[in-house]
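This report concerns only the one structure given below.
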Amino acid sequence: MKKLFFTAMSLFVFVSASAQTAEELKSEIAPKKDSIAAIQARVDALEAKLDALPGWKIGAFGTIGGSISEFNNWFAQGIPNNSAGNIGFTVNAFANLQEEKFFWRNAANINLAWVKLDDKDDPTDDDSFRQATDVFNISSLYGRKLSEKFAISGLMEYRTTILSNFNDPGYLDLGVGATWTPIPDLIVVMHPLNYNFVFSDEDTIFESSMGAKIVADYTKQIGAVSFKSNLSMFQSYKSGDYSNWTWTNSFSYTLWKMIGVGFDFGLRNNKQETLNYVLNNAPTPDPTATFESIDNELQTYWTLGLSYKF
């Protein structure tokens, strides 16, 4: 009986000591978390000062995603014998010059992807990789500072596809106006005088026009996270049918050294592109389609995969 009593007491003391130790450890963790947050805040403040220094700032990050698969006698699906694959990548690059009286910001966004589906039971099908995503955008913004947050500016922006139908259509915006920089990582461009040049073989659909240009670009790096969001809008003074906007977003989280996980998604609204598709490229083209009759659906894309920070 005494042996059982001492065993129970020993177990009680051990559990109590373990609980106490766990509580002590938890109490020690809290102030260390506060210290880490304070250190990160000081690092962010130093990085903000570094970004504000005169001179060139150059960088890039991107996402690579891909997969391959093969099925043999998988009768539960419509194509039981097939091999499939997809691959895509996104690159976001910038080269920015910051000086006391002016700035010059240059950026490029490229998103390309290919897919294939080879039906082994159909010798006539297309078993090659085909273009799936095709986005190409470059811009250059020059500003003469009126103050720390406002500048008189000029913008050049070019958008097209490069895997197929290069510059058909292609969009070139040239304009002047003002740029607002409320914080170092955010640029807002407001150009009431902008001409949107549209290049295409379909002159009856695509048309150049004068209008207003608005661009908002936010690029930020916090520790292992890199983030970029860009909204580019053109409002035609001639007709709303010639207006368009594109919003792209890129996220990258570094897991090990320069490698991590990346996610990109984009939205676009362009009535001229929609009408061109309905008239010429749809599976069942509609030769009677007009700007008034079409449903101007939202265009979207997304990519998830490994990322690499340059």
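Where a number appears in this text, it was derived from the coordinates with a stated rule and is not lab data. All of these numbers come straight from a predicted model, not from anything done at the bench. Here the Cβ positions follow ideal geometry from the backbone for every residue, glycine too, while neighbour counts run over all protein chains shown.
Just a few scattered comments:
- Cut-off 14 Å, label 7 Å out along Cα→Cβ of LEU172, residues of region 193-216 by amide N: 195-200, 208-209
- Cβ-to-Cβ counts within 10 Å put MET258, MET233 in ascending order as MET258, MET233, the fewest first.
- Rounded to the nearest whole angstrom, the semi-axes of the ellipsoid equivalent to region 75-141, taken from the Cα gyration tensor as √(5λ), stand at 45, 9, 6, largest first.
- Alpha carbon convex hull of region 174-310, projected area averaged over orientations, nm²: 10.5
- All Cα-Cα separations within region 56-309 were binned at 10 Å from zero, giving a P(r) of 7, 25, 30, 23, 11, 4, 1, each value a whole percent of the pairs.
- Put simply, the Cα atoms of region 227-291 extend 55, 33, 10 Å along their principal axes, the longest span coming first.
- With the gyration tensor restricted to C-alpha atoms of region 191-270, the semi-axes of the equivalent ellipsoid amount to 35, 14, 9 Å, longest first.
- Positive minus negative residues near ILE162 (Lys, Arg vs Asp, Glu; Cβ under 14 Å): -1
- Taking GLU157, GLU292, GLU202 and counting other C-beta atoms within 10 Å, the order from fewest to most: GLU292, GLU202, GLU157
- Around ASN137: net Lys/Arg minus Asp/Glu count, Cβ-Cβ under 10 Å: 0
- Put in order of Cβ neighbour count within 10 Å, fewest first, the listed residues THR63, THR90 become THR63, THR90.
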